[in-house]
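A short worksheet on the structure shown next.
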Amino acid sequence: MLFHSIDFAIFLPIVFILYWFVTNKNLNLQNLLIVAASYVFYGWWDWRFLSLIVFSTVVDFSIGRRLAIEDGERRRKVLLWTSVAVNLGFLGVFKYYNFFLENFIAAFALLGTEIEASSLNIILPVGISFYTFQTLSYTIDVYKRKLEPTKDIVAFAAFVSFFPQLVAGPIERATNLLPQFAKERKFDYAEAIEGLRQILWGLVKKVVIADGCAEYANMIFNNSADYSGSTLLLGAVFFTFQIYGDFSGYSDIAIGTSRLFGFKLMQNFAFPYFSRDIAEFWRRWHISLSTWFRDYLYIPLGGSRGGTSMKIRNTFIIFIISGFWHGANWTFIAWGALNAIYFLPLLLSNNNRNNIEIVAKGSYFPTLGELMGMLTTFVLTVFAWIFFRAENISHALSYISTILSDSLFTFPRFSNMVGALETLIFIAFFLLVEWCGRDQPFAIAKLFLGKKKAWRYTAYYVLIILIIYRSLGNSNQDFIYFQF
Amino acid sequence: MTKFIKEAILFAIPILLFFAITVGTFFLFDPFKILNEYEVFNNSIVSYNEDYIATERFLKNKTQYNSFILGSSRAGCGFRVSDWEKKLGNTAQVFSFAASNESIFGIWGKVRLLDEENAPIDHVLLVIDTDITMKRTVNSNGHIFIKHPRVSGESETAFISEYLKDYIFTGFFVRYLDYKMFEEERSYMKGFLNFAHKSLEEQYIPFNINQREARILDDEAAYYQENTFYDRPAEAVSAKSFINSKSIGFMKDIKAIFDKHQTNYKIVISPLYDQKKIHELDLKAIQEIFAKENVFDYSGKNAITDDKHNYYETSHYRIGIGQQIINRIYDDLSKE
């Protein structure tokens, strides 16, 4: 079920009413409703893959219970690795099987040995990378004794399948989300209103920005051989805003929806395109995944504590795996490696934590230095996104070489330039609002709050009309991150 | 909570208003003519769903027919009912059951419907297009292509909501209501509203073919100068293979119904302008199911496909082509 679909617009109020009016007296019943609603939400796409979620839930719950009573370190390790193997096994089969098989065959072909093996026609279950990492965090935290394993399988199932963030995150830590299922929830008016505002802004990001940009990014990337360097550059910029609007929009809707049900999820995006360097960008982009990798991979590997070679090794590992997490294609690996190359100079010169606070905090405009930093980071990011979006490495390289040719200095030309100009105007408006709200959890968190109700509602209505206007004629685009 | 619900409703006023207008006008005006019963589908500015109209027409007059033309709009344009009736003899009552972008799923649904309705299926002319027929094995999307619920076997609610979705989310309602209020043709309505239908004759003519044929007959040279026909490659090209286990299953079901009714059927592979020869695997599968002697392949390079004057545009062949093919099939058979 897509967040910006009629189905969800009907589903959400029904679940909300049942949750607060029918099951509100009983915590278990509320959790059970969440599990049922989440399974309907997921099954709407393909009910067959519900079995994977159920299996993962049962395995990790059982392993958690066993870890609670098991003292022997060896046995505890076996239990941990069983959970890791099951979860990563699913991910490996559904997401990476064909990739490894094809590359294995290609590698042998290079050595002159022909291997006959046919790839499988595997459907990638939506959101598998997200809920796999979420359940893994539970087992690892229980293993490390950071978290008391739950005895309540319904609460655990609700934690694994919680519909607002099931298919595209934020990837919640068990330490944050699971205890919330054990606590009695009381309806909080202010939180619910904030939730609605965040959903509204998420929809603006998705429908107005991401779907608008998608039309041009897809057209230009899919026919890149037909366009000049300047058009390809514009295509990359469109994709840069598409992926941000798409993914952070989803996160906003997920967090906003959770707030309606009395849950607090972690912030997943913190205005990454206002970052002054790549290290700051990675503290602001897909925060739930970056911190997951930091806590469960980077730090166990030694983090940045060792010598230079260790730092370089760990940085590459973390970025390449992060790239590979996004998809079974060399383009994602190249995207990860490129970001590692961007990041390393900052790490090695101990400049990776220079910019912790949001840019130009407390003032309207950035300094010239900050502006230059933001522009440089943005350009580097746009360049890296080309690898992320390209069909394969050679497509990315030819795309970049066309950008770097003389045709970069020509005027961009493609069909429906008027529509593209309209989208660019929306991007400018969007950036302005994001800039004004950059010290908040989401851009319109405080916007118009001090104003009269009439003004506030005029602003909401303008945004809603904008969403409706941009929805018309736009085919319902899936969220990009569903495929990861 | 009450305060929140009031606030949420206030918040949603534009959305509620939007849906009240769009859903309200959809049910009030029935722009696609699917909510009420109609005798005449002409004089509408909305492009028809030929599948829906044909199915409705068949269901109203099902006792009249015993011979059926099945296929896409190419079959609907190219094969005239009267041409085939002449060949079949006095007892034949032919019904053209063609639909835009027809798939094997749609053909299967129609044959099943004929069987369910106990229609005598004495003769069938099944026209297969190498580029579309076997490509889709599920129901089509969109208001022009979605199958009649009796054909698809899906619910009427799903059928109507597909129309409602198109009406709202493609922005169709804006064009439709604009025209309804001001009765002025504007450029942004192109592709949504079909003003050519306004002047159609009283009797329903599938696929509006008479207008196109008349334009050619009026001034052939001008017609072929106005319409662009791309160049085909000089060498022979094979079409993609689309047949899979699902389409084979559909064909076997169709064949079983034909056997049950002792149907005299002919399978024609369309002479498409692209001159792509049907993939050998697809042809083999079709021949295996329907028997070689019943399959007539006109795809690829041949006298029909070589001449662009046999086409209305690069997709549809002209009425006379169907007649030529029917003549060849029946003349060859009579020689045997």
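None of the figures in this text is laboratory data; all of them are computed from the coordinates on show. These numbers were taken from a predicted model, which means no experiment stands behind them. Glycine also receives a Cβ, built like all others from the backbone with ideal geometry; neighbour counts cover every protein chain displayed.
Once fully extended, how much extra length lies between A:Phe409 and A:Val462, figured as 0.36 nm per residue of separation less the alpha-carbon to alpha-carbon distance?
Values: separation 53, 0.36 × 53 = 19.08 nm, distance 3.73 nm.
Stretched out fully, the A:Phe409 to A:Val462 stretch lengthens by 15.4 nm.
Return a single number: how many Lys pairs in the stretch A:6-186, at a sequence separation of 8 or more or on separate chains, have alpha-carbon atoms below 29 angstrom apart.
13
Counting other Cβ atoms within 10 Å, which GluC sites (Glu not before Pro) in the stretch B:251-326 have at most 14 and lie in a DSSP loop? Display every interim value, and only then the final one.
Numbers: sites: B:Glu280, B:Glu288, B:Glu293, B:Glu313; in loops: B:Glu313.
Loop-located and lightly packed - B:Glu313.
Work out which GluC sites (Glu not before Pro) in chain A are exposed loop sites (DSSP not H, G, I, E or B, at most 12 other Cβ within 10 Å) and give the longest gap free of them.
Numbers: sites that count: A:Glu114, A:Glu116, A:Glu184, A:Glu357.
It works out to A:185-356.
Taking the simple approach of a point 7 Å from Cα along Cα-to-Cβ for both A:Arg75 and A:Glu148, what is their distance in nm?
2.2
Provide, in order from the shortest bin, the percent of all Cα-Cα pairs of the stretch A:272-349 in each 10 Å bin, continuing until the bin that contains the maximum pair distance.
19, 55, 25, 1
How far is it, in nm, from the label point at B:Lys190 to the one at A:Val22 when both lie 7 Å from their Cα along the line to the Cβ?
5.2
Under unit Cβ charges (Lys, Arg +1; Asp, Glu -1), what dipole magnitude, rounded to 20 debye, does the stretch A:6-186 have relative to its Cα centre? Intermediate values should be presented prior to the final figure.
On the way: 17 positive and 14 negative charges, 170 e Å.
Value, rounded to 20: 820 debye.
I'd like the trypsin sites (Lys or Arg not before Pro) in the stretch B:129-201 restricted to DSSP loop residues with at most 14 other Cβ atoms within 10 Å, sorted by number. Present the calculation step by step, with values, prior to reporting the outcome.
Details: sites: B:Lys135, B:Arg136, B:Lys147, B:Arg150, B:Lys165, B:Arg175, B:Lys180, B:Arg186, B:Lys190, B:Lys198; in loops: B:Lys135, B:Arg136, B:Lys147, B:Arg186.
Sparse-neighbourhood loop trypsin sites (Lys or Arg not before Pro): B:Arg186.
Classify the stretch A:245-400 as rounded, prolate or oblate from the Cα gyration tensor: take a ≥ b ≥ c as the square roots of its eigenvalues, call it rounded if a/c is under 1.5, otherwise prolate when a/b beats b/c and oblate if not. The partial results should precede the final answer.
Numbers: a/c = 1.23, a/b = 1.15, b/c = 1.07.
Rounded, because the longest to shortest axis ratio a/c is under 1.5.
Rounded to the nearest 0.05, what FRET efficiency is calculated for B:Asp331 and B:Glu154 with R0 set to 30 Å and r the Cβ-Cβ distance?
Numbers: r = 42 Å, r/R0 = 1.40.
It comes to 0.10.
Principal axis lengths of the stretch A:26-92 from Cα atoms, whole Å, largest first?
Principal extents (Cα only, largest first): 41, 36, 10 Å.
May I ask for the equivalent-ellipsoid semi-axes of chain A, computed as the square root of five times each C-alpha gyration tensor eigenvalue and listed largest first in whole Å?
Working: eigenvalues 232, 193, 107 Å².
Semi-axis lengths for chain A are 34, 31, 23 Å.
Which FRET efficiency, nearest 0.05, do B:Asn302 and A:Phe100 yield, Cβ-Cβ r, R0 51 Å? Kindly include the intermediate steps, with their values, before the conclusion.
Numbers: r = 47 Å, r/R0 = 0.93.
With a Förster radius of 51 Å, E is 0.60.
Under a plain spin-label model, where a point goes 7 Å from the Cα along Cα-to-Cβ, how far apart in nm are A:Leu29 and A:Val84?
Simple spin-label model gives 4.3 nm for this pair.
Mind running the shape call on the stretch A:6-186? Use the C-alpha gyration tensor, a ≥ b ≥ c as the square roots of the eigenvalues: rounded below 1.5 for a/c, prolate if a/b tops b/c, oblate otherwise.
In terms of gyration-tensor shape, oblate.
How big is the antiparallel share of DSSP beta bridges in chain B, given as a percent to the nearest 5? Please list the in-between numbers first.
Details: 2 of 21 bridges.
In chain B, DSSP labels about 10 percent of beta bridges as antiparallel.
Return the Rg/Rh value of the protein assembly as shown, two decimal places, where both radii are evaluated on C-alpha atoms and Rh is the Kirkwood radius. Mind dumping the intermediate values first?
Numbers: Rg = 30.8 Å, Rh = 30.7 Å.
Rg divided by Rh gives 1.00.
Computed FRET efficiency, Cβ-Cβ of B:Asn118 and B:Phe182, R0 35 Å: what is it to the nearest 0.05?
Numbers: r = 49 Å, r/R0 = 1.39.
After rounding, the FRET efficiency stands at 0.10.
Based solely on its DSSP helices, what 222 nm [θ] is calculated for chain B when runs of n ≥ 4 H residues each add -39,500 (n - 2.57) and the sum is averaged over all residues, nearest 500 deg cm²/dmol?
Details: 15 runs with 160 residues, N = 336.
Counting only the DSSP helices, I get -14500 deg cm²/dmol.
Return the long-range amide H neighbours of B:Asn264 (sequence gap of 5 or more, or a different chain), with a cut-off of under 5 Å between placed amide H atoms.
B:His123, B:Val124
Need one value for B:2-9: mean number of C-beta atoms belonging to other chains within 10 Å of its residues' C-beta atoms. Working shown, then result.
Details: counts 1, 3, 12, 5, 0, 6, 6, 0.
Mean shielding by partner chains, rounded to a whole number: 4.
Rounded to the nearest 500 deg cm²/dmol, what is the calculated helix-only ellipticity per residue at 222 nm for chain A, with -39500 (n - 2.57) per DSSP H run of length n ≥ 4?
Numbers: 19 runs with 302 residues, N = 484.
Theoretical 222 nm ellipticity from helices: -20500 deg cm²/dmol.
Pull out a ≥ b ≥ c, the square roots of the eigenvalues of the alpha-carbon gyration tensor of the stretch B:60-102, then state rounded if a/c is under 1.5, prolate if not and a/b is larger than b/c, and oblate in the remaining case.
Details: a/c = 3.17, a/b = 1.41, b/c = 2.25.
Oblate is the answer for the stretch B:60-102, as a/c is 1.5 or above yet b/c matches or exceeds a/b.
Loop only by DSSP, 15 or fewer other Cβ within 10 Å of the Cβ. Give me the GluC sites (Glu not before Pro) in the stretch B:86-162 that pass, ordered by residue number.
B:Glu117
Of A:Lys206/B:Lys147; B:Lys62/B:Lys147; B:Lys110/B:Lys180; A:Lys205/B:Lys33; B:Lys240/B:Lys266, which sit over 26 Å apart, Cα to Cα?
Details: A:Lys206/B:Lys147 32 Å; B:Lys62/B:Lys147 18 Å; B:Lys110/B:Lys180 35 Å; A:Lys205/B:Lys33 37 Å; B:Lys240/B:Lys266 23 Å.
Going by Cα-Cα distance, A:Lys206/B:Lys147; B:Lys110/B:Lys180; A:Lys205/B:Lys33 fall outside the 26 Å limit.
From the backbone phi of the stretch A:91-96, what are the Karplus-calculated ³J(HN,Hα) couplings (6.51 cos²θ - 1.76 cosθ + 1.60, θ = phi - 60°) in whole Hz, Gly and Pro given as x?
With the stated coefficients, the stretch A:91-96 comes to 4, x, 5, 6, 9, 10 Hz.
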